[in-house]
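Notes for the one structure printed next.
FYI, it's all coordinate maths here, none of it is from the lab. Predicted, not measured: the structure shown is a model, and the values here were computed from it. Every residue, glycine among them, receives a Cβ derived from its backbone with ideal geometry; neighbour counts consider all protein chains shown.
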Amino acid sequence: QVQLVQSGGGLVQPGGSLRLSCAASGRTFSGYAMGWFRQAPGKEREFVAGISWSGTSNYPDSVKGRFTISRDNAKNTGYLQMNSLKFEDTAVYYCAARSTYYTRTATDYDYWGQGTQVTVSS
C-alpha cells in the first residue's frame, strides 16, 4: 500500500505560479510511477503530467511548457510546478501512483492523494 498526502494549492492570479507536493508513505516510492490529474466541476478527471520512476515525464499539450513534474525519491515526494497559470487551470488537482509505467488514464492508477484546490482568478 502507498499513502499519498498532498500539499500546496490555493488562489493565484492569472500568470502566477504554484507548486503542489505529494508525499508518499508505505512502500518504496521510487518503484512507482506518478501522475497528476485535475478535475473541474462538471468535467472528467484530466491527465496533466506523468513521471516514471527514472524521471521520464510526459504532458498533454494543454500544459506543456507551463507545468513541470518532478520527484525526489530520497524524500518520497513528487511535485508539480505550475507556471503561467490560466483561468482554465482552475480545478481540484490530484496526485496518483501506480507500480508500473505512467499512463494518461486515471483508472489505471491504484493510489490517490486527497486532492487540493487550485483557483486561478483575478
To the nearest µm²/s, what D does Stokes-Einstein give for region 1-45 at 20 °C and 1.002 mPa s, using the Kirkwood radius over alpha carbon pairs as Rh? 165
State the percent of C-alpha pairs, over all pairs in the chain, separated by a distance greater than 17 angstrom. 50
Once the principal axes of the Cα atoms of region 59-122 are found, what is the range along each, listed largest first in whole angstroms? 39, 26, 23
Within-13-Å neighbourhood charge of ASN83 [Cβ basis; K, R +1; D, E -1]: +3
Around ASN58, which amide H atoms from residues at least 5 apart in sequence, or from another chain, sit under 5 Å from its own amide H, with H modelled in the peptide plane? GLY50
Whole-Å distance, taken between Cα centres, linking region 103-122 and region 1-41: 7
In the chain, if the dipole is taken from +1 on Lys/Arg beta carbons and -1 on Asp/Glu beta carbons about the Cα centre, which of SER70, CYS95, MET82 is farthest to the positive end? SER70
Computed over region 51-92, the ratio Rg/Rh where both radii use C-alpha atoms and Rh is Kirkwood: 1.01
